[in-house]
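First comes the structure, then the notes that go with it.
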Amino acid sequence: MSWAMRSNYRPIGNYIQLVDERNKELEISTLLGLSISKDFIPSVANTVGTNMRNYKIIRKNQFACSIMQVRRDGKMPVALLEDIEEAIISQAYPVFEIIDTEVLLPQYLMMWFTRSEFDRQATFHAVGGVRGSLEWEDFLAFELPVPSIEQQREIVREYNVIKNRIALNQQLNKKLEETAQALYRHWFVDFEFPNEEGEPYKSSGGKMGYNVELDNEIPEGWEVKTIGDFALKMKSGSTPNRGREEYWSSNDHPWIKTGELNNSVLIEVEEYISDLALGDCSVTLLPINTVLVAMYGQGNTKGQVGYLKIPATTNQACCAIICDNEYKSTFIYYYLRVNRDEIVSVAIGGAQPNLSKDIIENLKMVVPSEETILKHPFIKIMNRKEKIMRKSQLLAKLQLILLSKMSTVEEIIKPESVEI
């Protein structure tokens, strides 16, 4: 099967060369790993007793990749070092560089590696059992179109404009989240919500009352309730039979797994189920403004939350909290965000290490007066976050369009310039 469909495609091997520089003098200590999402990440490997002299040095504008387990992951991890001048990386990773950056830009090549078509090609060629590794020679034979260096610079510039806007949006949402959590603590932990005169309640002499359950004082008119009593209703989901293709063959209803709960607004999902699955199985179509809590899952998943801005169903590891208005939904979302470590510790201290719907239902929280709840700013913050995420969603689609257009760039590079 040939993946090269156009005459201006050239083998990657024409443009790159392996680099094997070792950290013999131990002059570099920044150790990086390689993620499946094609980024460098701080390494978490235990290097106690490891001879770091054997580690490879990677320098700015060089690439590292993993050609192992490509078929299993359906992706080839490969990343371009851009943000720092140098680092070290496991000797298991091939490190390579562009031979002539006036012929092929590293950033342009990295864009090519980002395409889903590239991963499909790598997966197709991976050999050796279920995990499936890619032969280096096969990788070098993969072809890509190489337009003029000016065209490459323009393509990279357009791509980076979008990429930077998405990064800026992520920063904006991070700031909004930090602001919301700080406000939650100020209003509902320190009890310094604005009183009728707009002054901080507690430090302005607001009336406090002793609460026996908490053995502490809380503002007058506030009370302690369980989440189950505060919410309108609570639900958990299920996974329709994977063996029934008709349950998964149409995108009728979003279906969310706990791995998708990332402490943010949810506007898109990875999988969908059909109308038939919704009718046959124990799944509930949850309304917008439902708060989701991960009861269990891989790694750090437990206790992560999500806020639905689309109607959706979930798997059985998600606990859904439905409130009778948006003020309560956003309030409980930030209660769960701010108290996440404490909530997770309840599960760890129990007979089984997971959260359950019962545990979450019986969590006790300080509930403000109705008047105070109706004044908090979390709805505006959540709506702002949603708006930013939807803009990023559109930008991500533009990114994909740009990446897909790379395969159709016109050949204007001179033939002699690719004979490396």
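The values are calculated or read from the model by the stated rules, or taken from the named source; none is laboratory data. Remember, it's a predicted structure, so these values are computed and weren't measured experimentally. In this analysis, Cβ positions are derived from the backbone assuming ideal geometry, glycine residues included, and neighbour counts consider all displayed protein chains. Note: accessible area is taken over every heavy atom of the protein model, side chains too, but ligands, DNA and RNA are not part of it. Shrake-Rupley method; radii C 1.70, N 1.55, O 1.52, S 1.80 Å.
Treat every Asp and Glu Cβ in the chain as -1 and every Lys and Arg Cβ as +1, leave all other atoms uncharged, and give the resulting dipole magnitude about the Cα centre to the nearest 20 debye.
320 debye
Would you work out which of L232, V212, F191 lies farthest towards the positive end of the dipole of the range 190-236, given +1 charges on the beta-carbon of Lys and Arg and -1 on that of Asp and Glu, about the Cα centre?
Most positive-ward Cα: L232.
Using the Cα centre as the reference, give the magnitude of the dipole from point charges on the C-beta atoms of the range 252-407 (Lys, Arg: +1; Asp, Glu: -1; all else neutral), rounded to the nearest 20 debye. Before the final figure, lay out the partial values.
On the way: 17 positive and 16 negative charges, 162 e Å.
My answer is approximately 780 debye.
To the nearest 10 degrees, how steeply does helix 326-338 sit against the main Cα axis of the chain, on a 0 to 90 scale?
70 degrees
Under the rule a/c < 1.5 gives rounded, and otherwise a/b versus b/c splits prolate from oblate, where does the range 211-299 land using the Cα gyration tensor? Numbers along the way, then the final one.
Details: a/c = 2.98, a/b = 2.55, b/c = 1.17.
It is prolate, given that a/c is not under 1.5 and a/b is the larger ratio.
Taking all protein chains as present, what is the carbon and sulfur share of the accessible area of the range 26-108, in % to the nearest whole number, probe 1.4 Å? Don't skip to the end; give the middle numbers.
Numbers: 1900 of 4080 Å².
The nonpolar share, carbon plus sulfur, comes to 47 percent.
Divide by every residue of the chain the summed helix terms, -39500 (n - 2.57) for each DSSP H run of at least 4, and state the resulting mean residue ellipticity at 222 nm, rounded to the nearest 500 deg cm²/dmol. Display every interim value, and only then the final one.
Details: 13 runs with 138 residues, N = 420.
Mean residue ellipticity at 222 nm (helix-derived): -10000 deg cm²/dmol.
Do any GluC sites (Glu not before Pro) in the range 1-82 lie in a DSSP loop with no more than 12 other beta carbon atoms within 10 Å, and if so, which? Numbers along the way, then the final one.
Details: sites: E21, E25, E27, E82; in loops: E21, E25, E27, E82.
Answer by residue number: E25, E27, E82.
In whole angstrom, note down how far apart the Cα centers of the range 68-140 and the range 190-218 are.
58 Å
Rounded to the nearest percent, how much of the accessible area of the range 210-338 (1.4 Å probe, protein heavy atoms only) is carbon and sulfur?
Working: 2270 of 5550 Å².
Within the range 210-338, the accessible surface is 41 percent carbon and sulfur.
Give the peptides 314-320, 209-215, 396-402, 83-89 in descending order of average Cβ contacts within 10 Å, highest first.
Working: 314-320: 24.0, 209-215: 9.9, 396-402: 13.9, 83-89: 16.6.
Packing proxy ranking, top to bottom: 314-320, 83-89, 396-402, 209-215.
Using a ≥ b ≥ c from the Cα gyration tensor of the range 1-123 (square roots of the eigenvalues), is it rounded, prolate or oblate, where a/c under 1.5 gives rounded and otherwise the larger of a/b and b/c decides, a/b for prolate? Please list the in-between numbers first.
Working: a/c = 2.35, a/b = 1.58, b/c = 1.48.
Taking the square roots of the gyration eigenvalues as a ≥ b ≥ c, the range 1-123 is prolate.
Which is farthest toward the positive dipole end of the chain among P11, A182, Y327, measuring Cα position about the Cα centre, with Cβ charges +1 (Lys, Arg) and -1 (Asp, Glu)?
Most positive-ward Cα: P11.
Mind checking which lysines have their C-alpha under 29 Å from K75, skipping anything on the same chain fewer than 8 residues away?
Correct list for K75: K38, K56, K60, K163, K174, K257, K302, K391, K397, K405.
How many Å² of accessible area per residue for the range 45-86, probe 1.4 Å? Working shown, then result.
Numbers: 2220 Å² over 42 residues.
I get 53 Å² per residue for this part.
If you filter the range 129-188 for GluC sites (Glu not before Pro), then keep DSSP loop positions with at most 16 other Cβ within 10 Å, what is left?
Details: sites: E135, E137, E143, E150, E154, E158, E177, E178; in loops: E135.
Listed in order of number, the matching sites are E135.
I'd like to compare 279-287, 102-110: which one has the highest average count of other Cβ atoms within 10 Å, and what's the full order after that? Write out the running numbers ahead of the final one.
Details: 279-287: 16.0, 102-110: 19.1.
Descending mean neighbour count gives 102-110, 279-287.
Might you tell me the accessible area per residue for the range 127-211, computed with a 1.4 Å probe and given in Å²? Write down the numbers at each step before the final one.
Values: 4920 Å² over 85 residues.
I get 58 Å² per residue for the range 127-211.
Which shape class, rounded, prolate or oblate, goes with the range 328-403 when its Cα gyration tensor gives a ≥ b ≥ c as root eigenvalues, a/c under 1.5 marks rounded, and past that a/b bigger than b/c marks prolate? List each step's numbers first, then the result.
On the way: a/c = 4.22, a/b = 1.49, b/c = 2.84.
Taking the square roots of the gyration eigenvalues as a ≥ b ≥ c, the range 328-403 is oblate.
Find out how many positive minus negative residues lie around Q62, taking Lys and Arg as positive, Asp and Glu as negative, among other residues whose Cβ is under 12 Å from that of Q62. Kindly include the intermediate steps, with their values, before the conclusion.
On the way: positive: K56, R59, K60; negative: D20, E21, E82, E85, E86, E97.
Residues close to Q62 contribute a combined charge of -3.
Tell me the label-point distance for the pair I401, E217, using the 7 Å Cα-to-Cβ offset, in nm and rounded to one decimal.
6.0 nm
With +1 on each Lys and Arg Cβ and -1 on each Asp and Glu Cβ, and nothing else charged, work out how big the dipole of the range 183-247 is about its Cα centre, in Debye to the nearest 20. Could you put the intermediate results ahead of the total?
Numbers: 8 positive and 13 negative charges, 113 e Å.
So the dipole magnitude of the range 183-247 works out to roughly 540 debye.
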